[in-house]
Amino acid sequence: MSLRLDNLRHIYTSPAGETRQVLDIPHWRVEAGQQVLLRGVSGSGKTTLLNIIAGLLHPTQGQVWYDLRDMGEQSLYALREETRDRLRARAVGYIFQNHHLLASLTALENVVMPMAFARVHPAREWRPLALALLEKVGLADFADYRPAKLSTGQRLRVAIARALANRPPLLLADEPTAALDPASGEAVMRLMQDTCRQQGALLLVASHDPALAALFDCTLHLQAGQLMLGGSVA
Amino acid sequence: MIYDFGLSWRAMRAHPVQTLIPACVVALAIALSVAVFALSDGIRRGLILASDPFGVLVIGAKGDSQQLALNTILLQGLPLGTIPYTTYETLAADSRVQLAVPLAKGDNIGGAPMIGTNASFFQLRRSLNAPLAFQLLEGELFDADFEAVLGSRAARSLGLRVGDEFQAAHGFRFGLAGDTHEAHYTVVGILEPSQTPYDGAVYTTVGSIWKAHEETELPTNNVIDSLSREQAGADERLTSVLVLPVGFIEQNQLMQEYYLSTDAQAVAPGEQIGGLFDLLRQGERVLGAVGYLVLGMAALTVFLALYSVTLTRQQDVAIMRSLGGSRVSVFRMVLFEALFITLIGALLGRVLGYLAAFLIGAFYTQQSAIPIPIRYLMTLEPVLWVLPLSVGILAGLLPAARAYRVDIVEKLFPS
């Protein structure tokens, strides 16, 4: 799946009525299988961009296109919300900075949840698939643990397994290594990259961690709302 | 859909207090309704069961007709007064009367009322072709004065068997007067249970009651003793007469005659019991309204619990939505929770309601000797499902709408 943004602008309005433009991207295209690191200081709009790409935040202006048969000729935000929800469940894996696991569910149940929403796999396969994913991220022995009993690194691994649950063609990760030591961060990053390579998925990682740049072929900087490749607009 | 059920269940288990408290309030509302209707039904059937064998008319002293009927049929309260034995003799000889049964009260043994009567009492039936209402379990019927036949419950509570002897005490019930008659009674028979208050009575001849009072110098120091003395006096008087007329026309004629009489009155127990049913219906209406009120409170409790849980779970809802869960899906989950809560309440309420009705019925039966058979009320079921589940849906709508409208980005990325 490739991704395309056209004339994308996003403006935040404060409660006092003040406006601030956080994104201004005339055109950007990322091909299937590409792995891109988005860098930028805090507040530069990295998370906003990921949210817009994930279909969670309606941009002030512009279009987001997934090159998917499900979407036909329509841009992401031209779809009905129900359709966009279904598409997000099937096509997007999102690893949040705070992981956002459901506290009342076990690690295994957290991984099963997106499968239940997407209905890509038959219900009888949910548990074995979720167990296989937890094994892949090294948490097979923690399947029945609730998030509160897991370490930060373990919660991140559960979030990765959950994001990969439906073999999405687009994987988004927001500051995935922020709470990890450098060695653990690199191990987690390689896990995501290897999995995406195996599945041919597009990987977009937003991070301010300079150490990650070495792991990516393509690094873009988000400055003043614009995507910059090196010193020029991407 | 099934997965949504599962998530609702997990969410409820994560908030047991918010689940159990509203479920208990729903249960109380349902239990109240079930208990009221089951007890009313039991009392109604019990009264019919208890009054069935006793003919169509009761002839007794002038006064409160309901008191006469209740005292004669259900052995409740004090008798009105006495009527001459000749009244019974006249009725027994009347061609319009199929069966006349004399009843003389005034003594007791250990709280069990002594009833002076004759063999006609044991001819009573629940209906025309029904078997005899009072049949011997062992021994025989009394044949002479100071022979006694015990009702099944009286035999059990007094611990008497055929061949045993006892002395009766003066007064209608245990404790009214402590004087014991000198005469000794011999138990000659014990009856099978009849499902009437008369199971708690002891039967003997009318003559025994009269003779016992002739032989004893009775105290006259209070009103009740006076009444008791008059009731079982030595001057050949009766408390009441049960009458089974040969037909409806004859019944009306007798009613009319006694209406004009100055010595006695005729009452139809069916009418009096019907009056009790009217009272019962009024009570049902009042308690039914209380039940609806409690159900309304239950709805508010379910609403408050779900609303507060939804507020605290907005981030969970946002997470589900971010993973592809639809607005409809989260709306459904909150509604499922409301339905789960009311379902638990409805089931628990049934158990509590029938249990309470059974215990209250058993207690009241022990106190009054009127049977209160509690049965499962199938006809109540549709209301007992539709009402709480409707309440659950109504109470869950607003919280569900709140979950439906959760702003994903605002909840997941508050900064």
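Exposure proxy check: B:Ile344, B:Ile249, B:Ile109 ranked by fewest other beta carbons within 10 Å? Don't skip to the answer; put the middle values down first.
On the way: B:Ile344 19, B:Ile249 10, B:Ile109 22.
Fewest to most other Cβ atoms nearby, the residues stand as B:Ile249, B:Ile344, B:Ile109.
Return the long-range amide H neighbours of B:Gln98 (sequence gap of 5 or more, or a different chain), with a cut-off of under 5 Å between placed amide H atoms.
Residues meeting the criterion, in which the H sits 1.01 Å from N, are B:Leu244, B:Val246.
What 222 nm value per residue comes from the helices of the protein assembly as shown, counting each DSSP H run with n ≥ 4 as -39,500 (n - 2.57) and dividing by all residues, nearest 500 deg cm²/dmol? Don't skip to the end; give the middle numbers.
On the way: 19 runs with 304 residues, N = 649.
Counting only the DSSP helices, I get -15500 deg cm²/dmol.
Between B:Ala93 and B:Asp164, what length comes free when the chain is fully extended (0.36 nm per residue of separation minus the Cα-Cα distance, one decimal in nm)?
Working: separation 71, 0.36 × 71 = 25.56 nm, distance 3.60 nm.
Stretched out fully, the B:Ala93 to B:Asp164 stretch lengthens by 22.0 nm.
Could you work out how far the C-alpha centroid of segment A:8-24 sits from that of segment B:244-296, in angstrom?
Taking the Cα centre of segment B:244-296 as reference, the centre of segment A:8-24 is 81 Å away.
Holding the Cα-Cα limit at 21 Å, pick out from A:Lys46/A:Lys136; B:Lys62/B:Lys105; B:Lys105/B:Lys211 the pairs that are longer than that. Provide the component values of the computation, followed by the final result.
On the way: A:Lys46/A:Lys136 28 Å; B:Lys62/B:Lys105 17 Å; B:Lys105/B:Lys211 13 Å.
From A:Lys46/A:Lys136; B:Lys62/B:Lys105; B:Lys105/B:Lys211, over 21 Å: A:Lys46/A:Lys136.
Taking one equal scatterer on every alpha-carbon of segment B:1-53, how large is log10 of I(q)/I(0) by Debye at q = 0.17, 0.18, 0.30 1/Å?
Here the Debye-derived log intensity ratios amount to -0.68, -0.71, -1.00.
Would you work out the relative contact order for chain B, in percent, from Cα pairs under 8 angstrom that are 6 or more residues apart?
Working: 794 pairs, mean separation 117.6, N = 415.
Relative contact order comes out at 28 percent.
Over all residues in A:94-105, what is the mean tally of Cβ atoms on other chains that come within 10 Å of each residue's Cβ? Kindly include the intermediate steps, with their values, before the conclusion.
On the way: counts 4, 0, 4, 2, 3, 1, 10, 2, 10, 5, 9, 6.
For peptide A:94-105, the averaged partner shielding equals 5.
Can you tell me the 0 to 90 degree angle between the C-alpha axis of helix B:381-404 and the longest principal axis of chain B, rounded to 10?
The two axes meet at around 20 degrees.
Determine, from the Cβ-Cβ distance of A:Thr83 and B:Thr379 and an R0 of 51 Å, the FRET efficiency 1/(1 + (r/R0)^6), rounded to the nearest 0.05. If you can, show how the numbers build up before the last one.
On the way: r = 48 Å, r/R0 = 0.94.
Rounded to the nearest 0.05, the efficiency is 0.60.
Mind jotting down the three principal axis lengths of segment A:29-106 based on Cα atoms? Whole angstrom, largest first.
Ordered largest first, segment A:29-106 gives principal extents of 36, 33, 28 Å.
Could you tell me how many cubic angstrom of Cα convex hull volume the protein assembly as shown has per residue?
Numbers: hull volume 157.0 nm³, N = 649.
Each residue corresponds to 242 Å³ of Cα convex hull volume.
Based on the Cα atoms of chain A, what semi-axes does the equivalent ellipsoid have, where each is the square root of 5 times one gyration tensor eigenvalue, given in whole Å with the largest first?
Numbers: eigenvalues 160, 87, 58 Å².
Output for chain A: semi-axes of 28, 21, 17 Å.
Under a point-charge model restricted to the Cβ atoms of Lys and Arg (+1) and Asp and Glu (-1), what is the dipole moment magnitude of the protein assembly as shown relative to its Cα centre, in debye to the nearest 20? Before the final figure, lay out each step's value.
Details: 51 positive and 58 negative charges, 912 e Å.
Roughly 4380 debye for the protein assembly as shown.
Once you have the alpha carbon radius of gyration of segment B:235-319, what is it after dividing by 2.2 N^0.38 Å, with N set to its residue count?
Working: Rg = 29.4 Å, N = 85, 2.2 N^0.38 = 11.9 Å.
Computed over Cα atoms of segment B:235-319, the ratio equals 2.47.
Let me understand segment B:1-149 better: what is its radius of gyration from the alpha carbons, and its Dmax, in angstrom?
Values for segment B:1-149 (Cα only, Rg and Dmax): 26.4, 82 Å.
Label A:Thr152 and A:Ala224 with points 7 Å out from Cα along Cα→Cβ: what is the distance between them in nm?
3.4
If neighbour count is taken as other Cβ atoms inside 10 Å, put B:Cys24, A:Cys196 in order from fewest to most.
Details: B:Cys24 19, A:Cys196 24.
Taking fewest neighbouring Cβ atoms as first place, the list is B:Cys24, A:Cys196.
Taking neighbour counts of Cβ atoms within 10 Å as a proxy for exposure, in what order, fewest first, do B:Ser368, B:Ser65, B:Ser51, B:Ser240 appear?
Final ranking by Cβ density, sparse to dense: B:Ser368, B:Ser65, B:Ser51, B:Ser240.
Can you tally the net charge around B:Ala11? Count Lys and Arg as +1, Asp and Glu as -1, for every other residue whose Cβ sits under 9 Å from the Cβ of B:Ala11. Don't skip to the end; give the middle numbers.
Values: positive: B:Arg10, B:Arg13, B:Arg313; negative: B:Asp316, B:Glu337.
Net charge in that neighbourhood comes out at +1.
Test of understanding: what is the full-extension gain from B:Glu214 to B:Arg45, defined as 0.36 nm times their sequence separation minus their Cα-Cα distance? Kindly include the intermediate steps, with their values, before the conclusion.
Numbers: separation 169, 0.36 × 169 = 60.84 nm, distance 4.10 nm.
Difference between extended and current length: 56.7 nm.
Explain nothing, just compute: Karplus ³J(HN,Hα) = 6.51 cos²θ - 1.76 cosθ + 1.60, θ = phi - 60°, for every residue of segment A:112-117 in order, whole Hz, x for Gly and Pro.
5, 3, x, 5, 5, 6
Throughout, read-outs are computed from the coordinates displayed, never taken from laboratory work. If you're wondering where the values come from, they're calculated on a predicted model, not measured in any experiment. Positions of Cβ are backbone-derived with ideal geometry, glycine not excepted, and every protein chain shown enters the neighbour counts.
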